[in-house]
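Asks: One structure, pasted below without further comment.
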Amino acid sequence: MYSTQLSQDGSFRFIPAVFQYSGGVVAEPGFQIERARLSAPVPLEQGLAAIEAHLKRIGRPLTAFCSCELRSPEPFSEAGFAALNKVYASRLEQWGLLQGKVNPVARTNICPELGKPATVSLHAFSYTVADASARPSFIVAGSGEAPEGAASYAEGTIRLGDVSDEGVRAKAEWVMGEMGRRLAGLGRDWRDATAVNVYTVQNIHRLLADVLAPVTGNGADLVWHFSRPPVAVLDYEMDVRGLSRDVVIDTQA
């Protein structure tokens with residue numbers, strides 16, 4: 001089972017993973033995680049400025065930032081993904097979030113098949129707020145069908161390039177297993193989820209009654225996004241959250 005570390009400001013714990021993101025976050029007692037979705041995605045630099053402005057407006061430090069959701073125009077090559085991650089992580093370092101080379105911030109980055117953004121954009125972000133009576137809140141970071149930290153995504157991808165029914169099933173089974181391991185590391189399980197997101201352009205109908213049964217049988221919202229994972233060799237991604245409050249920030253104002 002995964003273990004967790006305490007964030008810089010002590011308001012959440014996280015699963016250490018790779019330098020670009022953590023495996024997930026869970027609020028510490030006395031805090032809850034709040035999610036802010038933008039009314040429309042904005043380019044990443046503009047989005048990072050929006051995060052700073054929002055946290056300042058509600059009186060929270062930058063170190064309260066614990067998760068973000070990105071939208072990209074197309075899946076990246078592995079080299080292109082690494083370049084994006086370096087730029088992104090450097091901003092988190094400027095904000096004082098990194099613990100050495102350990103990144104506490106969870107992340108999901110996916111590529112819509114329709115309505116694609118012109119550039120890498122921010123869709124939503126999450127942060128901690130003080131709340132002595134809050135139910136436990138958490139976010140499991142997005143994962144595709146490859147273990148994190150391997151020499152390359154292609155090297156570890158489950159059923160590489162296989163989008164047959166059997167191939168997609170094998171990918172989904174592995175990702176569900178990884179979501180379960182991360183949930184356990186955060187001290188949560190599928191019964192605690194309020195929303196589970198699946199990101200794929202492949203058919204998931206055949207998975208609803210068995211592979212996805214821990215979701216479909218427990219009352220969480222299962223949302224299928226007609227989207228691709230951020231790395232070209234991947235075909236199936238998921239993330240999970242258990243939150244009590246979402247807000248919307250009007251980016252058109």
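None of the figures in this text is laboratory data; all of them are computed from the coordinates on show. This structure is a prediction, so every number in the text was calculated from the model and none was measured. With ideal geometry, Cβ positions are generated from the backbone for all residues, glycine too; neighbour counts draw on all protein chains shown.
Asks: Treat each spin label as a single point 7 Å out from the Cα along the C-beta direction, and report the Glu28 to Ser90 distance in nm.
Replies: Label-label distance for Glu28 and Ser90, simple model: 3.1 nm.
Asks: Taking 7 Å along the Cα-to-C-beta vector as the label spot, tell me the Asp221-Val201 distance in nanometres, rounded to one decimal.
Replies: Output for this residue pair reads 2.6 nm.
Asks: For the stretch 36-57 and the stretch 196-214, compute the distance between their C-alpha centroids and round to whole Å.
Replies: Answer, in whole Å: 31.
Asks: Connecting C-alpha atoms closer than 10 Å in a GNM of the chain, tell me which of Glu52, Glu34, Glu74 has the biggest fluctuation.
Replies: Evaluated over the chain, the most mobile residue of the options is Glu52.
Asks: Could I ask something else about it? What are the extents of the Cα atoms of the stretch 116-195 along their three principal axes, listed from largest to smallest and rounded to whole Å?
Replies: Result, largest extent first: 47, 35, 26 Å.
Asks: Let me ask something additional. Sort Tyr127, Tyr88 by Cβ crowding within 10 Å, fewest neighbours at the top.
Replies: The fewest-first ordering by Cβ neighbours comes to Tyr88, Tyr127.
Asks: Give the cross-link partners of Lys101 among the lysines, using a straight C-alpha distance below 24 Å as the criterion and excluding same-chain residues fewer than 8 apart.
Replies: Lys86
Asks: Let me ask another. If you take the Cα atoms of the chain, find Rg, then find the Kirkwood Rh from the mean of 1/r over all pairs, what is Rg/Rh?
Replies: We get a ratio of 0.94 for the chain.
Asks: Relative contact order of the stretch 5-249, please, whole-number percent, based on alpha carbon pairs below 8 angstrom and at least 6 residues apart.
Replies: Answer for the stretch 5-249 is 28 percent.
Asks: What distance in nm separates the two pseudo spin-label positions at Lys116 and Glu45, each 7 Å out from Cα along the beta-carbon direction?
Replies: Label-label distance for Lys116 and Glu45, simple model: 2.2 nm.
Asks: Still on this model: How large is the Kirkwood hydrodynamic radius of the stretch 7-129, counting all unique pairs of alpha carbons, in Å?
Replies: After inverting the pairwise mean of 1/r, the radius is 14.6 Å.
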